[in-house]
Amino acid sequence: MRGSPSVACPVITMEYLGNPDYRHGTPPATGILISNLGTPDAPTPKALRRYLAEFLGDPRIVEAPRWLWLPVLHGAILRFRPRLSAHAYSKVWTENGSPLLHYSLRQLEALKSRLRTDSGELYLALGMRYGNPSIPSALESLRGRNIERLLVLPLYPQYSATTTASTFDAVSAALRHWRRIPALRFIDNYHDFPPYIAAMAGHIHDSWSRQERGEKLIFSFHGLPRRYLLKGDPYHCQCHKTARLLAEALGLEAGQWQVSFQSRFGREEWLTPYTDHVLKALPSQNVKRVDVFCPGFSVDCLETLEEIEMQNREFFLEAGGERFNYIPALNAADTHIEALARLVETHMQGWEAPMFDAEQSRLRALSMGARQ
């Protein structure tokens with residue numbers, strides 16, 4: 001049409017990854033990706049700068065216009081925060097490295113044993129949302145196993161867009177480059193899964209059998225900006241349900257337990273009450289002995305070991321408290337592994353492997369012109 005402007009259509013090319021080692025007759029397999037938040041490679045400012053750039057650069061973590069947030073992140077925050085964070089990580093780093101990665105690897109091996117992955121039909125991999133081993137690298141290891149079904153288990157019991165949805169983003173971004181997309185199932189939460197509640201209750205009872213029970217049990221969850229709740233994020237409600245079910249399983253009465261939220265960042269209002277404020281106030285309420293457990297953390301990490309076990313212990317004792325007992329995360333405890341295995345088995349129902357004759361499949365493919 002005369003006078004119409006010409007519009008150049010961009011040419012978009014994409015390389016879709018196949019499996020160069022594929023052989024006809026290979027039985028189809030199921031892959032299970034377990035994922036957690038991640039950790040820096042070392043407790044150094046350089047490693048923390050890389051990690052925090054990836055973490056705080058995720059639009060699921062900081063919901064702000066990119067044009068406004070990224071200059072602040074790279075121009076100010078990444079200039080001073082890596083050094084402070086590196087100091088905090090150095091306090092919890094062990095001879096096995098990062099506690100989060102160490103316990104996550106133990107969970108992986110324990111789940112492999114529990115789910116009997118040596119059958120050749122089921123493969124597990126660990127991928128961190130930020131840092132290493134990455135979600136793309138974990139998925140790549142599963143792709144080489146000829147998986148046709150993929151179950152993703154983010155180890156966040158309570159759903160949040162900042163954690164669970166961000167994991168989905170990373171998985172879908174990696175699968176976008178695959179030629180053969182597996183059937184996909186995604187566990188978005190297990191905040192009220194009975195075996196998980198029972199595992200936590202038993203774990204806390206075990207702690208009380210070794211050390212005198214405190215006058216109050218604090219359930220401390222990671223915090224979120226309050227506006228995320230107002231926009232519809234179910235995290236706050238799921239945290240409270242987890243705590244209520246756990247208190248019931250422990251036989252606690254009202255007044256013997258409380259929910260609080262930790263790890264706030266920035267100046268805006270986050271979910272309340274804040275854990276540090278609660279612990280500073282308890283001694284003045286004649287609560288001198290306290291237990292703290294974090295039901296939203298699958299493994300011990302910086303937020304539990306440095307923030308709760310160290311910082312908040314000090315806040316409580318300085319305010320007049322007499323005994324502070326941090327109850328560790330479930331980590332790779334047998335009851336935790338059993339609960340996670342049952343969660344996986346529940347979500348894999350209907351995925352039983354069909355009858356498959358590898359040799360007949362190979363011969364049929366060769367007869368139709370396949371090269372191998």
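Search segment 113-145 for residues being open to solvent by less than 20 Å² (accessible area, probe 1.4 Å) and not hydrophobic (A, V, I, L, M, F, W, C), and hand back the single one that is farthest from the chain's Cα centre (by Cα).
Gly131
In segment 78-112, how many are over 22 Å from Ala329 (Cβ atoms) and surrounded by 17 or more Cβ atoms within 10 Å (Cβ to Cβ)? Step through it out loud before you land on a result.
Quick first cut of segment 78-112, residues over 22 Å from Ala329 (Cβ atoms) only: 78-84, 86-87.
Within this subset, residues satisfying the condition of being surrounded by 17 or more Cβ atoms within 10 Å (Cβ to Cβ) are 78, 81-82, 86.
So the count comes out to 4.
Can you tell which of Pro273, Pro234, Pro225 is open to solvent by less than 30 Å² (accessible area, probe 1.4 Å) and touching a residue at least 12 places away in the same chain (Cβ under 8 Å)?
Selected residue: Pro225, the only one of Pro273, Pro234, Pro225 that is open to solvent by less than 30 Å² (accessible area, probe 1.4 Å) and touching a residue at least 12 places away in the same chain (Cβ under 8 Å).
Can you confirm whether Tyr130 is among the hydroxyl-bearing types (Ser, Thr, Tyr), out of contact with any Phe, Trp or Tyr (no Cβ under 9 Å at 6 or more places or on another chain) and more than 25 Å from Lys241 (Cβ to Cβ)?
So Tyr130 does not fit the description; no.
Just to be sure, is Leu151 at negative phi, open to solvent by less than 30 Å² (accessible area, probe 1.4 Å) and out of contact with any helix residue (DSSP H, G or I) (no Cβ under 8 Å at 6 or more places or on another chain)?
Considered against the rule, which asks whether it is at negative phi, open to solvent by less than 30 Å² (accessible area, probe 1.4 Å) and out of contact with any helix residue (DSSP H, G or I) (no Cβ under 8 Å at 6 or more places or on another chain), Leu151 comes out as no.
Does any residue of segment 305-313 turn out to be in contact with a Pro (Cβ under 7 Å, 6 or more places away or on another chain) and either open to solvent by less than 70 Å² (accessible area, probe 1.4 Å) or touching a residue at least 24 places away in the same chain (Cβ under 8 Å) (or both)?
To start, the set of residues in segment 305-313 that are in contact with a Pro (Cβ under 7 Å, 6 or more places away or on another chain) comprises 305.
Now drop any that are not either open to solvent by less than 70 Å² (accessible area, probe 1.4 Å) or touching a residue at least 24 places away in the same chain (Cβ under 8 Å) (or both), which leaves 305.
The answer is yes; a qualifying residue exists.
Out of Ala243, Ala173, Ala201, Ala249, which single residue is part of a helix (DSSP H, G or I), touching a Leu at 6+ places or on another chain (Cβ under 7 Å) and either aliphatic (A, V, I, L, M) or surrounded by fewer than 15 Cβ atoms within 10 Å (Cβ to Cβ) (or both)? Walk me through it before giving the result.
Values: Ala243 fails: touching a Leu at 6+ places or on another chain (Cβ under 7 Å); Ala173 fails: touching a Leu at 6+ places or on another chain (Cβ under 7 Å); Ala249 fails: touching a Leu at 6+ places or on another chain (Cβ under 7 Å).
Result: Ala201 is the single residue among Ala243, Ala173, Ala201, Ala249 that is part of a helix (DSSP H, G or I), touching a Leu at 6+ places or on another chain (Cβ under 7 Å) and either aliphatic (A, V, I, L, M) or surrounded by fewer than 15 Cβ atoms within 10 Å (Cβ to Cβ) (or both).
Output the residues belonging to segment 252-278 that are of a type in the set (Gly, Ala, Ser) and in a loop (DSSP other than H, G, I, E, B).
Residues satisfying the conditions are Ala254, Gly255, Ser263, Gly266.
Report, by residue number, each residue of segment 134-150 that is among the β-branched types (Val, Ile, Thr) and closer than 15 Å to Arg176 by Cα.
Matches in segment 134-150: Ile135 only.
Would you call Gln256 closer than 23 Å to Arg289 by Cβ and open to solvent by 50 Å² or more (accessible area, probe 1.4 Å)?
For Gln256, the condition - closer than 23 Å to Arg289 by Cβ and open to solvent by 50 Å² or more (accessible area, probe 1.4 Å) - is met.
What tally of residues in segment 314-333 results from selecting those that are in contact (Cβ under 8 Å) with a residue 60 or more places away in the chain and among the charged types (D, E, K, R)?
Residues that pass the stated criteria total 1.
Quick check on my filter: what residues within segment 35-51 are of a type in the set (A, V, I, L, M, F, W, C), crowded, with 18+ Cβ neighbours inside 10 Å and either part of a loop (DSSP other than H, G, I, E, B) or in contact with a Lys or Arg (Cβ under 6 Å, 6 or more places away or on another chain) (or both)?
The answer is Leu37, and nothing else.
Tally up the residues in segment 181-190 that are touching a helix residue (DSSP H, G or I) at 6+ places or on another chain (Cβ under 8 Å) and open to solvent by 20 Å² or more (accessible area, probe 1.4 Å), please.
Summing the residues that are touching a helix residue (DSSP H, G or I) at 6+ places or on another chain (Cβ under 8 Å) and open to solvent by 20 Å² or more (accessible area, probe 1.4 Å) in segment 181-190 gives 6.
Do any residues in segment 29-56 that are within 19 Å of His102 (Cβ to Cβ) have Cβ atoms under 6 Å from those of residues that are charged (D, E, K, R) and surrounded by fewer than 20 Cβ atoms within 10 Å (Cβ to Cβ), where the two are at least six apart or on different chains, and which pairs are they?
Ala47/Asp41
For segment 59-113, name all the residues that are in a helix (DSSP H, G or I), of a type in the set (D, E, K, R) and over 28 Å from Arg342 (Cα atoms).
Arg66, Arg79, Arg81, Arg83, Lys91
From the list Pro10, Pro45, which one is at pLDDT 95 or above and farther than 30 Å from Asp233 by Cβ?
Pro45 is the lone residue from the list that is at pLDDT 95 or above and farther than 30 Å from Asp233 by Cβ.
Going by what's in this entry, would Ser207 be described as farther than 21 Å from Trp351 by Cα, in contact with a strand residue (DSSP E or B) (Cβ under 8 Å, 6 or more places away or on another chain), assigned to a helix (DSSP H, G or I) and without any contact (Cβ under 8 Å) to a residue 40 or more places away in the chain?
No, not satisfied.
Do you know which residues across segment 154-170 are over 27 Å from Asp41 (Cβ atoms) and open to solvent by less than 20 Å² (accessible area, probe 1.4 Å)?
Gln158
The values are calculated or read from the model by the stated rules, or taken from the named source; none is laboratory data. What you see is a predicted model; the values in this text were computed from it and never measured. Virtual Cβ from ideal backbone geometry, glycine too; neighbours counted across all protein chains shown. Ligands, DNA and RNA are stripped out before the accessible areas are found, and what is left, the full protein with its side chains, is counted by its heavy atoms. Shrake-Rupley method; radii C 1.70, N 1.55, O 1.52, S 1.80 Å.
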